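The values are calculated or read from the model by the stated rules, or taken from the named source; none is laboratory data. Keep in mind it's a predicted model, so treat the numbers as computed, not measured. Virtual Cβ from ideal backbone geometry, glycine too; neighbours counted across all protein chains shown.
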Ligand SMILES: Nc1ncnc2c1ncn2[C@@H]1O[C@H](COP(=O)(O)OP(=O)(O)OP(=O)(O)O)[C@@H](O)[C@H]1O
Ligand SMILES: Nc1ncnc2c1ncn2[C@@H]1O[C@H](COP(=O)(O)OP(=O)(O)OP(=O)(O)O)[C@@H](O)[C@H]1O
Ligand code: SF4
Ligand code: SF4
Ligand SMILES: [Mg+2]
Ligand SMILES: [Mg+2]
């Protein structure tokens, strides 16, 4: 599985609309490619088959009592032995499959259908409805399960249908509670507000946004409750209120065997085994379905990176690459050194290369700004430098990253955590989604402060308050107790900055850290960062679109286009006399850069590049005013070279000098 | 201070104002309903007594300090939040007269682009589903083919390609997500667009493309915009009028040329001063912009809420105006004790809430 082959598989990502395969087959295929899905589905199907044709398969009459042959161990005549009434256990298990499935699935369904809507209702309406419901549930949970089941059966009468209702009722509180908790956290997400703002009705918001987002948790819970439902049913059976005696059912069989557990353990073994395996089967299948319907885990699941895993292992133990060994370690070592880094996303269609050979270094106390086209790979690069590239999602196909002179790629998990904690602070691009909506800001700050230090709770609190004050959040004492949604966008961004600074990092990776801040506060944050740089020599990698900010704050700038750095050097050099046509176009597009009020702003004509479908030669060629179809531009990717004291990747860079 | 105040913006065309915000306030957390009844909690005065009007086809910009209540004001305008007091009128319908269903109907005409584009997209929906939902909700383009055409057209307008339609939000870059959020807002052809930091995650070239798109839509369809942004160059480029917010209030508002060109409120002046600054920040000399830190919206200062940081109040006290000593130094008495009313500028095209708005001080910036 070479890289070249993977890349060959990339091209057409879009139009899959032409010949749509049958969705059922697609689903089946996607279940079966996952080992857990294949095992789970096979077991569930076997189980269903058993439920349908089990009675026909039974070798013996499962109801015939034979007092001459009670409690026999397994033998050729009775594969699983006989029970206390001399009946054949194997036949009873086969016949019992149907009732067991009915009670387990039926009970969970009843509980799901009642409990989940109640839980969602409580979370959606809040107020007295929630108070009443939650109180009722607390009361229900304070009784042993069996009491409720008994009450229901006692009222409705004992038959299989009522047993299903009874065991279902028992599980309602668990469903309602879980559904309420997960709904609350989903409702705190801004996309709910987004769809409300769109004009969606409550029913639609719940069906389209809340349910899909809580279904994973509920699915797992259902499979867990499947087994416990059967056990409550067997409890009822034990009291003579379950499925009525001669009809076998696994839970009841297990219950019956309790009295013989010491003398005849095999009597419990087989029903117990079948019960456990069936619960496991549903659990595995549920998990596989969840993986499929959860888009965030889907792509990763499709190509289980077994091979890559092994490869990574060997890479880690291999001696460091030559380039890296040459990098000077010691006080003068750059805080970050990146060489020839290539990063690719693993997608359903193969590897999608978004960072295509990046070299950069940042020394202590310096700031490197990365600017560039939206979607050019800046955030992906920043995450990889911060050792946060998820190996399931992003493949590091080539290159090295060294932090503080030590290689940072391919380290064991513990070493990576340690590195991150000691040396790196990260501010992600979307501040709001970097904070957990259900934890107070104080709790999240405290976690960052505590990591790896032994401060007492009072000291932690003091440090949190000091951090919030540093980033200019008024009234920090009271603010600590508030939740993220109670802060403004810019405040959240500042809190994320505070969290990044909590461990006094040597390297700050900041992705659009001030995009939500007005100029006065932006200035204050920049002044704070300058202070820290001056005192502790922190290195900063700053990703931003604000050229004004770059001019005021950075020392060096690198311009990124389609996954490569097309121009990099000191800010005075690059911004004052840009040589690459893309850099020049950026300078010309900024509002206030010459176009009058009401006049259209100058944007770069042509389609932005689409990763995976880049043109041959220079990636900027289709939009480049300088190229004018010259053959040199199409011949090859222009190499980076030194022109007028900066690195630039354009064959005709010198033309801008004259 | 609570006297209804009308902006003397376009007095003759008053009937064509599609958005009218009158003395709107919104407070958070005045009481919390817990299991054990109501519990008093500190009040956040996020928006306080804000009024403005937006004529059809024009663009109103809101700028201001982070946390000053801009996003809350945007939510009030589209009816996502109900005001504690005051009234928002959209196209001659008062929002307080609408129930939830009425509000939903109105939302086709008024779309909001939320501040955080990543978080405002459902992680389990592809871009295509997200855009189709907007059309489904308002029963537009019911025909499959027409729907797909509309979506393809809009996705192209915001500079994305069809390949992005099958992606989930986490598979897009920050700027691509922001453009999806904008596409979702314009796909159902609203009349009023409220945009909260619409271009903050976009590189300047794409930013220019989006701004040109907005201008184009405005010219063709007479769209009305309310834009929240920190980019003052952008305000100067696209807005007709602007409101400058500080601690929940508009401290200065009016014609964009006046407010940005000749600011009269000290807060606006400091904003403009920093925005104009292009020289690199001096690493070895810590520089401060405005003295002191932002007061908490939980405890808004008395009198003029800007007095804790106001360079003018300080300068006036030093220059001999009647003064008092406060924790923040010696300040003009009027500033600490009385809330300023809006003072119209000479041309009458903007107002500033400052007792000394007309006092021309020799040296403001120092
Ligand atoms: N999980 C993913 N799967 C496939 N492609 C992805 C994934 N995540 C990101 N991409 C694509 O990779 C490219 C680079 O994304 P990245 O987030 O690094 O861009 P960026 O330079 O930070 O852009 P922006 O300035 O808009 O934030 C984009 O074109 C994006 O669509
Ligand atoms: N749901 C809420 N509960 C309590 N306080 C809130 C809530 N929403 C907002 N606030 C508070 O209201 C104030 C104004 O917030 P808002 O989001 O409107 O500010 P903003 O002007 O948009 O700031 P930014 O530019 O940083 O986004 C802030 O102090 C914030 O903490
Ligand atoms: S190499 Fe050619 S296409 Fe590329 S930037 Fe230079 S002139 Fe333009
Ligand atoms: S009223 Fe006083 S404190 Fe307020 S802005 Fe004017 S001078 Fe400053
Ligand atoms: Mg990004
Ligand atoms: Mg905001």
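Does residue A:383 satisfy the condition of being within 12 Å of another protein chain (Cβ to nearest Cβ), surrounded by fewer than 21 Cβ atoms within 10 Å (Cβ to Cβ), part of a helix (DSSP H, G or I) and under 20 Å from the mean Cα position of the chain (by Cα)? First the steps, then the outcome.
Details: within 12 Å of another protein chain (Cβ to nearest Cβ): yes; surrounded by fewer than 21 Cβ atoms within 10 Å (Cβ to Cβ): yes; part of a helix (DSSP H, G or I): yes; under 20 Å from the mean Cα position of the chain (by Cα): yes.
When the stated conditions are applied, residue A:383 passes them.
Say whether the condition of being modelled with pLDDT of 90 or more, in contact with a strand residue (DSSP E or B) (Cβ under 9 Å, 6 or more places away or on another chain), more than 8 Å from every other protein chain (Cβ to nearest Cβ) and within 16 Å of ligand 1 (Cβ to nearest atom) is met by at least one residue in the range B:173-187. Looking through the range B:173-187, at least one residue is modelled with pLDDT of 90 or more, in contact with a strand residue (DSSP E or B) (Cβ under 9 Å, 6 or more places away or on another chain), more than 8 Å from every other protein chain (Cβ to nearest Cβ) and within 16 Å of ligand 1 (Cβ to nearest atom).
Specify the residue that is nearest to ligand 5 (Cβ to nearest atom); the eligible residues are those in the range B:43-61 that are under 21 Å from residue B:298 (Cβ atoms), more than 8 Å from chain A (Cβ to nearest Cβ) and in a strand (DSSP E or B). Steps first, please.
First, the residues of the range B:43-61 that are under 21 Å from residue B:298 (Cβ atoms): B:43-50.
Add one more test, that the residue is more than 8 Å from chain A (Cβ to nearest Cβ), and what stays is B:43, B:45-50.
Still in the running and in a strand (DSSP E or B): B:45-50.
Numbers: B:45: 35, B:46: 29, B:47: 31, B:48: 36, B:49: 38, B:50: 33 Å.
Among them, the one singled out is B:46.
In summary, helices (runs of 4 or more DSSP H) completely within the range B:62-144 and bearing 1 or more residues that are over 30 Å from residue B:237 (Cβ atoms) occur at B:100-106, B:127-137.
Table: residues versus (1) surrounded by fewer than 22 Cβ atoms within 10 Å (Cβ to Cβ); (2) more than 11 Å from every other protein chain (Cβ to nearest Cβ).
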residue: A:177; (1), (2): yes, yes
residue: A:209; (1), (2): no, no
residue: A:220; (1), (2): yes, yes
residue: A:230; (1), (2): no, yes
residue: A:236; (1), (2): no, yes
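Set side by side, the residues A:203, A:158, A:154 differ, and just one is assigned to a loop (DSSP other than H, G, I, E, B) and surrounded by fewer than 19 Cβ atoms within 10 Å (Cβ to Cβ), which is A:158.
As for the range A:369-385, it holds no residue that is more than 16 Å from ligand 1 (Cβ to nearest atom) and in the same structural domain as residue A:339 (by the TED database). Go over the candidates A:402, A:408, A:329 one by one and state the one that is more than 16 Å from ligand 6 (Cβ to nearest atom), modelled with pLDDT under 80, more than 30 Å from residue B:199 (Cβ to Cβ) and away from chain B (no Cβ under 14 Å). Residue meeting the stated conditions: A:329. Restricting the first member to the range A:508-528 and to residues that are more than 7 Å from chain B (Cβ to nearest Cβ) and in a strand (DSSP E or B), and the second to residues that are at pLDDT 90 or above and more than 16 Å from ligand 5 (Cβ to nearest atom), the beta-carbon pairs closer than 6 Å and six or more apart or on different chains are A:508/A:538; A:508/A:540.
Matching residues to (1) within 14 Å of chain A (Cβ to nearest Cβ); (2) without any contact (Cβ under 8 Å) to a residue 12 or more places away in the chain; (3) more than 14 Å from residue B:265 (Cβ to Cβ); (4) within 16 Å of ligand 5 (Cβ to nearest atom):
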| residue | (1), (2), (3), (4) |
| --- | --- |
| B:306 | yes, no, no, no |
| B:317 | no, no, yes, no |
| B:325 | no, yes, yes, no |
| B:328 | yes, no, yes, no |
| B:338 | no, no, yes, no |
| B:342 | no, no, no, no |
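Is it the case that the range B:272-288 has a residue that's modelled with pLDDT of 90 or more, more than 8 Å from chain A (Cβ to nearest Cβ) and touching a helix residue (DSSP H, G or I) at 6+ places or on another chain (Cβ under 8 Å)? No; the residues of the range B:272-288 include none that is modelled with pLDDT of 90 or more, more than 8 Å from chain A (Cβ to nearest Cβ) and touching a helix residue (DSSP H, G or I) at 6+ places or on another chain (Cβ under 8 Å). The residues in the range B:189-209 that are more than 8 Å from every other protein chain (Cβ to nearest Cβ) and closer than 20 Å to residue B:134 by Cα can be counted, and the count is 8. Say whether the condition of being at pLDDT 80 or above, more than 14 Å from every other protein chain (Cβ to nearest Cβ), assigned to a strand (DSSP E or B) and at positive phi is met by at least one residue in the range A:390-398. Taking every residue of the range A:390-398 in turn, none turns out to be at pLDDT 80 or above, more than 14 Å from every other protein chain (Cβ to nearest Cβ), assigned to a strand (DSSP E or B) and at positive phi.
Wholly within the range A:532-644, which strands (runs of 3 or more DSSP E) include no fewer than the required count, namely at least 3 residues that are within 14 Å of another protein chain (Cβ to nearest Cβ) and surrounded by 23 or more Cβ atoms within 10 Å (Cβ to Cβ)?
Values: elements: A:539-543, A:556-561, A:564-570, A:641-643.
In the range A:532-644, the matching strands (runs of 3 or more DSSP E) lie at A:539-543, A:556-561.
For first residues located in the range B:215-228 and closer than 13 Å to residue B:185 by Cβ, partners that are part of a helix (DSSP H, G or I) and more than 16 Å from ligand 4 (Cβ to nearest atom) and lie 6+ apart or on another chain with Cβ distances below 6 Å form the pairs B:223/B:217.
I need the full set of residues from the range A:603-613 which are within 17 Å of residue A:580 (Cβ to Cβ) and within 11 Å of ligand 1 (Cβ to nearest atom), in order please. Listed by number, the residues that qualify are A:608, A:609.
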